[in-house]
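Here's the structure we're looking at; comments come further down.
The values are calculated or read from the model by the stated rules, or taken from the named source; none is laboratory data. Small disclaimer: the values here were computed from a predicted structure and weren't measured. Glycine also receives a Cβ, built like all others from the backbone with ideal geometry; neighbour counts cover every protein chain displayed. Just so you know, the surface numbers come from the protein's heavy atoms only, side chains and all, with ligands and any DNA or RNA stripped out. Shrake-Rupley method; radii C 1.70, N 1.55, O 1.52, S 1.80 Å.
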Amino acid sequence: MGVPALIVAAGSGQRLGAGGPKALVGLRGRPLYSWSVDAFRKADSIDGIFVAVPPGQADLFTEPDIVTVEGGETRSHSVANGLRAITAGSSPELVVVHDAARPLVTPSLIDAAVAGLEADAGLDALIAAAPVTDTVKRVGHEGIVAETLDRSALVSVQTPQVFRVEMLRKALASGDLASATDDAALVEAAGGSVGVIEAPSGNIKVTVPSDLELAAFLLEKNQ
Ligand code: C5P
């Protein structure tokens, strides 16, 4: 049985400044979120694509064969709404969560993340991540560097993220959804074990206008 996917697309996109939801911004002639939908359609491990959309705007999400779910106030609220919709109709063991803001996700990364979690009973989640290439410092009071972190132990967290449904449900029920930027962090806080799988360098997130230009360039190059 395939794994259901939840693409979260309910953000306002304020930092992109497009005057509307980021997920609907045009990228090479199509809405941003549709690139992720395409990748999930092509992934052999996936069965069923749910998309969390801005409240009242489901009509604008016209990709065929998707189930739209009303998003929430924060990203984790959108994930919680999506998970409720997914589990209302079935009882999957795993679920994949992905940001619509990462249009370069590949079917092979999705399939590898699902297979990786299926193969490791000791893990509650497996998340895409990239090695950190910059040196990272923690800045303390008055802008003074307090600490230089060991770069070799750091990764930058991305999506897709694959979860055991029961663990994610527990983490969302007990966690602080308002301040979470990452559902895996909620799973960690709930005592879960989270593994990482290295993402290809092109799996960028669209946040500001220049990211959109880079994403368009990379999509063209990949064709
Ligand atoms: O704002 P940011 O880029 O970190 O959001 C990551 C993803 O979470 C985006 O795809 C965005 O649409 C989604 N999101 C959501 N519901 C919210 C806020 C963000 O689905 N309330």
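Over the chain, calculate the relative contact order: mean separation of alpha carbon pairs under 8 Å at least 6 apart, over the residue count, as a percent.
RCO, the chain: 23 percent.
Once you have all Cα-Cα distances for the stretch 3-222, histogram them in 5 Å bins from zero and send the whole-percent values.
Over the stretch 3-222, the share of Cα pairs per 5 Å bin runs 1, 7, 15, 19, 20, 18, 11, 6, 3, 1, 0 percent.
Roll a 1.4 Å probe over the protein chains and send me the accessible area per residue for the chain in Å². Mind showing how you got there, number by number?
On the way: 11010 Å² over 223 residues.
With all protein chains present, the chain gives 49 Å² per residue.
Bin width 5 Å, origin at 0, all Cα-Cα pairs of the stretch 39-123: what percent of pairs per bin?
Over the stretch 39-123, the share of Cα pairs per 5 Å bin runs 3, 13, 22, 24, 23, 12, 3, 1, 0 percent.
Quick one: Karplus J couplings for the stretch 119-135, per residue in order, coefficients 6.51, -1.76, 1.60, θ = phi - 60°, nearest Hz, x for Gly and Pro?
Ordered by residue, 3J(HN,Hα) equals 7, 10, 5, x, 9, 9, 7, 9, 10, 6, 8, 10, x, 7, 9, 7, 7 Hz.
Give me the log10 of I(q) over I(0) for the stretch 62-185 at q = 0.16, 0.23 Å⁻¹, as the Debye formula computes it from C-alpha points; what are the numbers?
Listed by q, the Debye log ratios stand at -0.92, -1.47.
Through the Karplus equation 6.51 cos²θ - 1.76 cosθ + 1.60, θ set to phi - 60°, convert the phi angles of the stretch 82-87 into ³J(HN,Hα) values in whole Hz; use x for Gly and Pro.
So the Karplus estimates, Gly and Pro as x, are x, 5, 4, 5, 5, 7 Hz.
Could you work out [θ]222 nm for the chain from helices alone, using -39500 (n - 2.57) per DSSP H run of at least four and dividing by all its residues? Round to the nearest 500 deg cm²/dmol. Write down the numbers at each step before the final one.
Values: 6 runs with 70 residues, N = 223.
One gets -9500 deg cm²/dmol as the mean residue ellipticity at 222 nm.
What is the set of long-range amide H partners of Gly195 at a cut-off below 5 Å, with H atoms built 1.01 Å from backbone N?
Counting only residues 5 or more places away or on other chains, the set is Asp124, Ala125, Leu126, Ile127.
Using amide H atoms built 1.01 Å from N in the peptide plane, name the residues 5+ places from Val51, or on other chains, whose amide H lies under 5 Å from its own.
When sequence neighbours closer than 5 places are left aside, the close amide H contacts are Ile7, Val67, Thr68, Val69.
Take the chain, mark every one of the GluC sites (Glu not before Pro) that falls in a DSSP loop and has at most 12 other Cβ within 10 Å, then report the longest stretch left between them, sites excluded. Write down the numbers at each step before the final one.
Working: sites that count: Glu73, Glu93.
By the stated rule (loop sites, at most 12 other Cβ atoms within 10 Å), 94-223.
With the convex hull built on the Cα atoms of the stretch 44-87, state its orientation-averaged projected area in nm². Show your work: numbers first, answer last.
Working: hull surface 13.9 nm².
If you wrap the Cα atoms of the stretch 44-87 in a convex hull and average its projections, you get 3.5 nm².
Between Met1 and His141, 0.36 nm times their residue separation minus their Cα-Cα distance comes to what?
My answer for the length gained is 45.2 nm.
Multiplying the sequence separation of Arg151 and Arg30 by 0.36 nm and subtracting their Cα-Cα distance, what value in nm do you get? Can you show the working numbers first?
Values: separation 121, 0.36 × 121 = 43.56 nm, distance 3.73 nm.
Going from the current span to full extension adds 39.8 nm.
Counting only protein heavy atoms and a 1.4 Å probe, tell me what percentage of the stretch 111-184's accessible area is made up of carbon and sulfur.
Numbers: 2150 of 4070 Å².
After summing per-atom areas, the C and S share lands at 53 percent.
Rounded to the nearest Å, what's the spacing between the alpha carbon centres of the stretch 134-156 and the stretch 35-85? Just the number, please.
Here the answer is 35 Å between Cα centres.
Of Lys22/Lys221; Lys22/Lys137; Lys137/Lys205; Lys42/Lys137; Lys42/Lys170, which ones are farther than 28 Å apart at the Cα? List each step's numbers first, then the result.
Working: Lys22/Lys221 23 Å; Lys22/Lys137 30 Å; Lys137/Lys205 22 Å; Lys42/Lys137 39 Å; Lys42/Lys170 30 Å.
From Lys22/Lys221; Lys22/Lys137; Lys137/Lys205; Lys42/Lys137; Lys42/Lys170, over 28 Å: Lys22/Lys137; Lys42/Lys137; Lys42/Lys170.
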